[in-house]
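Here the structure is laid out as structure tokens; the discussion comes afterwards.
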Amino acid sequence: MEKPIKFIIITVSDRCSCGQAVDESGPNLAKEILKKKLGIVLEIKCIPDEQKIIELELVNGSSRADIILTTGGTGFSPRDVTPEATKAVIEREVPGFPLAMLLTSISKTPYAVLSRSSSGIRDNCLIVNLPGSVKGSVECFSTISQTLRHAVQLLRGRNDHGSSLTSKSKVSTSNVADRPRESEWPMIPVAESQDIVMRNILVSTKEEVPISLNLFGRVVASDVSSVDPLPPFRASIKDGYAVLSSDGKGSRKVLKSLTAGMSAGGDLVLSNGECVRVNTGGPLPTNADAVVQVEDTKLLKSSSDGEEIEIEITTAPKPGQDIRPVGNDIGLNEIVLNKGDPITPIELGLLATIGITNVPVFRLPKVSVLSTGNEVVEPGVELRPGSIRDSNRITLLSLLRGHHFPTYDLGIAKDEPDDLLSHLIKGLESSDIILTTGGVSMGERDYLKAVITEDLRATIHFARVNMKPGKPTTFATCCWNGKMKMLFCLPGNPASATVSFHLYVLPALRAIAGFQEPFPKTITVRLGFDIKKLDVRPEYRRVILDWNQSDGIPLAKTTGDQISSRLMSWREANCLLILPSNTEVKSEIKKDELLKGLIVGPI
Ligand SMILES: Nc1nc2c(c(=O)[nH]1)N[C@H]1C(S)=C(S)[C@@H](COP(=O)(O)OP(=O)(O)OC[C@H]3O[C@@H](n4cnc5c(N)ncnc54)[C@H](O)[C@@H]3O)O[C@H]1N2
Ligand code: MOO
Ligand SMILES: [Mg+2]
């Protein structure tokens with residue numbers, strides 16, 4: 001039996017998408033499709049007249065549907081950009097559909113010439129722009145509807161696609177002899193590749209988070225002001241007596257005790273010669289203008305039950321002495337935190353005290369971590385011949401946790417396109433960003449790049465960087481269910497994966513999370529050992545900084561062999577020393593030379 005044609009209908013309308021109007025055209029087209037028994041409607045969506053959003057929806061939809069019908073956004077208004085978005089994503093144009101629709105419409109109204117509809121094919125999916133009105137969209141659809149079944153048959157004939165992405169991968173695994181013997185990817189400098197990542201980061205969004213430990217490590221998304229002053233009442237700075245300073249030194253009658261936590265002493269008024277016992281942080285009588293600490297007093301008289309009746313003040317108090325006025329520490333409506341401030345324990349304490357319940361912060365992207373490799377097995381299991389235990393995933397997951405990012409553990413995928421694809425799809429469904437390790441170099445089972453481009457339709461922005469370690473670091477973006485996703489495919493070697501994490505992944509995550517300085521801090525360090533031969537690639541050496549130096553410049557101590565497989569080279573390392581590449585002029589570096597280093601751990 002022939003597979004049914006899968007339709008997606010996208011209504012492009014600012015008004016409908018924000019609820020100001022009800023979308024009638026989309027559901028009406030769906031009814032027409034069902035009435036004509038043309039196929040099934042996977043989805044009817046309503047989106048704003050935003051070119052990028054329309055493009056994302058078309059790209060995403062084209063991997064699932066045979067036909068996408070858009071309705072709306074084809075006119076002359078500046079917000080009408082559906083044809084522009086369509087033209088940006090199609091691979092081949094189909095001018096016949098707009099022409100046929102124009103010929104039908106023009107017989108009904110001369111204004112039909114004002115339609116700018118476009119049509120084309122992407123990923124063997126036909127995209128057709130229809131006008132926005134209920135009447136116009138159905139009229140145009142009726143004109144083309146009888147040709148659609150044949151159009152889809154032709155597209156399916158070219159490549160039996162159009163099935164959903166959860167089906168088998170399209171990546172071919174045969175014919176190893178034909179594999180490329182040179183990487184097709186240019187090797188680009190680190191700075192350029194970091195720029196590319198930063199230009200493609202996900203948009204930072206805000207959320208309100210209740211005061212709690214969940215705020216720790218987040219970044220404030222807009223200025224935060226106090227709702228209550230601190231202290232909220234005039235408070236004593238000492239344990240002692242609230243007095244009238246004009247009474248000078250000498251004896252005082254003790255009226256009562258006002259301890260911290262009691263409702264303010266505002267209703268209590270002192271007369272000359274009277275005082276009230278107070279505690280640090282406690283409230284004061286309205287007219288008390290000084291506090292005398294207990295050390296500057298003597299007991300003159302007490303009651304039989306041990307209560308103070310009269311005391312002597314031994315040093316004359318000054319007005320304002322040992323009193324914290326209202327708002328002394330934090331004023332009412334004072335801006336306490338600014339947009340962009342990271343929330344450390346101190347900021348969290350400040351937020352807790354100023355009377356707000358929720359804090360505007362930047363949302364944290366969720367990150368999935370996947371290990372790949374037929375040889376890779378879970379930690380702790382007995383090794384079979386040829387297998388190694390997975391160290392990358394637990395390292396990356398804990399690095400992410402250390403920086404407060406929510407994570408999703410995708411486990412281990414085999415070096416098989418189908419298995420890679422199904423794991424990646426799980427990652428796309430459950431997170432914003434995917435980190436993978438392994439399978440990105442030149443091996444015949446390094447399928448990752450093929451799977452993300454051919455099956456996920458991701459765009460690879462770079463796949464080779466001139467650095468050691470980390471050369472095959474690959475960065476891609478793709479659209480999934482209308483949302484942009486980032487994919488970092490890091491090399492399998494454990495030292496390489498971790499270096500790339502610090503140079504690319506963490507800065508991108510920090511930028512999305514609102515940090516204004518997302519990159520690791522660069523400092524000057526003194527080389528503590530000789531480097532006999534520089535590598536042909538600029539190198540990021542794992543070193544341990546020793547700050548105990550008379551000139552204040554930290555000494556970079558070696559962590560031993562820097563081979564990319566050796567995770568021991570990261571043991572105790574807190575700095576990535578940046579070494580230049582080997583040139584005819586400079587092929588070695590002597591101990592004591594000053595170099596730049598990136599801070600990547602506690603110092
Ligand atoms: N012909 C070429 N071969 C290689 C090149 C090259 O340019 N041409 N580049 C080398 C460089 S540089 C690196 S780095 C590695 C990167 O390889 P892949 O990313 O394809 O990773 P795999 O081949 O899958 O694995 C490499 C290595 O790492 C071990 N591994 C993998 N996953 C894990 C894990 N989760 N935990 C611990 N160890 C892991 C794996 O067993 C391999 O030993 O390619 C070079 N080759
Ligand atoms: O670039 Mo690879 O990470 O040297 O071993
Ligand atoms: Mg490999």
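The values are calculated or read from the model by the stated rules, or taken from the named source; none is laboratory data. The model shown is predicted, which means the values in this text are computed figures rather than measured ones. Cβ: placed from backbone, ideal geometry, glycine included. Neighbour counts: every protein chain shown. Surface accessibility is based on the protein's heavy atoms, side chains included, excluding ligands, DNA and RNA. Shrake-Rupley method; radii C 1.70, N 1.55, O 1.52, S 1.80 Å.
The figures follow:
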| quantity | calculated |
| --- | --- |
| Residues within segment 470-493 that are hydrophobic (A, V, I, L, M, F, W, C), within 14 Å of R199 (Cα to Cα) and open to solvent by 10 Å² or more (accessible area, probe 1.4 Å), tallied | 1 |
| Number of the exception - I434 against (1) more than 30 Å from R179 (Cβ to Cβ); (2) within 15 Å of ligand 1 (Cβ to nearest atom); (3) of a type outside the set (G, A, S); (4) in contact (Cβ under 8 Å) with a residue 12 or more places away in the chain | (1) |
| Qualifying strands (runs of 3 or more DSSP E) (wholly inside segment 451-511; at least 2 residues being more than 24 Å from L397 (Cβ to Cβ) and not hydroxyl-bearing (S, T, Y)) | 459-462 |
| Checking I523 against (1) in a loop (DSSP other than H, G, I, E, B); (2) under 24 Å from G217 (Cα atoms), the condition it does not meet | (1) |
| Options D418, D409; residue that is away from ligand 2 (no atom under 16 Å from the Cβ), modelled with pLDDT under 95 and acidic (D, E) | D418 |
| F462 being in contact (Cβ under 8 Å) with a residue 24 or more places away in the chain, buried (at least 24 other Cβ atoms within 10 Å of the Cβ) and more than 10 Å from ligand 2 (Cβ to nearest atom) | no |
| Helices (runs of 4 or more DSSP H) wholly inside segment 1-102 containing at least 2 residues that are without any contact (Cβ under 8 Å) to a residue 24 or more places away in the chain and not basic (K, R) | 25-35 |
| Failed criterion for K533 (all others in (1) over 26 Å from A556 (Cα atoms); (2) away from ligand 1 (no atom under 16 Å from the Cβ); (3) part of a loop (DSSP other than H, G, I, E, B); (4) charged (D, E, K, R) hold) | (1) |
| Unmet requirement for F97, which otherwise passes all of (1) crowded, with 18+ Cβ neighbours inside 10 Å; (2) at pLDDT below 95; (3) touching a Leu at 6+ places or on another chain (Cβ under 9 Å) | (2) |
| Yes/no for I434 being under 25 Å from the mean Cα position of the chain (by Cα), buried (at least 19 other Cβ atoms within 10 Å of the Cβ) and aliphatic (A, V, I, L, M) | yes |
| Which listed residue is farther than 30 Å from E312 by Cβ, at pLDDT below 95 and either of a type outside the set (V, I, T) or not in a helix (DSSP H, G or I) (or both), from E184, E207 | E184 |
| Tabulated pairs, segment 447-458, first among the small types (G, A, S), second outside any helix (DSSP H, G or I) and surrounded by fewer than 21 Cβ atoms within 10 Å (Cβ to Cβ), C-beta under 6 angstrom, 6+ apart or interchain | A450/V171 |
| Candidate set from segment 556-577 (those that are open to solvent by 50 Å² or more (accessible area, probe 1.4 Å) and part of a strand (DSSP E or B)); member that is farthest from P491 (Cα to Cα) | K557 |
| Residue list for segment 362-420, restricted to those being away from ligand 3 (no atom under 16 Å from the Cβ), part of a loop (DSSP other than H, G, I, E, B) and either of a type in the set (A, V, I, L, M) or touching a Lys or Arg at 6+ places or on another chain (Cβ under 8 Å) (or both) | R363, L364, E378, P379, G380, V381, L383, H403, H404, F405, P406 |
| Filter result for G443 (within 16 Å of ligand 3 (Cβ to nearest atom), open to solvent by less than 20 Å² (accessible area, probe 1.4 Å) and either assigned to a helix (DSSP H, G or I) or more than 28 Å from R122 (Cα to Cα) (or both)) | no |
| Some residue of segment 494-508 being open to solvent by less than 40 Å² (accessible area, probe 1.4 Å) and out of contact with any helix residue (DSSP H, G or I) (no Cβ under 9 Å at 6 or more places or on another chain) | yes |
| Filtered residues of segment 537-555 (kept if crowded, with 17+ Cβ neighbours inside 10 Å and either of a type in the set (D, E, K, R) or closer than 20 Å to M187 by Cβ (or both)) | R537, P538, E539, Y540, R541, R542 |
| The lone exception for R389 - which of (1) in contact (Cβ under 8 Å) with a residue 40 or more places away in the chain; (2) in contact with a Pro (Cβ under 7 Å, 6 or more places away or on another chain); (3) away from ligand 2 (no atom under 16 Å from the Cβ) it fails | (1) |
| Residues being in a strand (DSSP E or B) and surrounded by fewer than 18 Cβ atoms within 10 Å (Cβ to Cβ) - total across segment 232-254 | 3 |
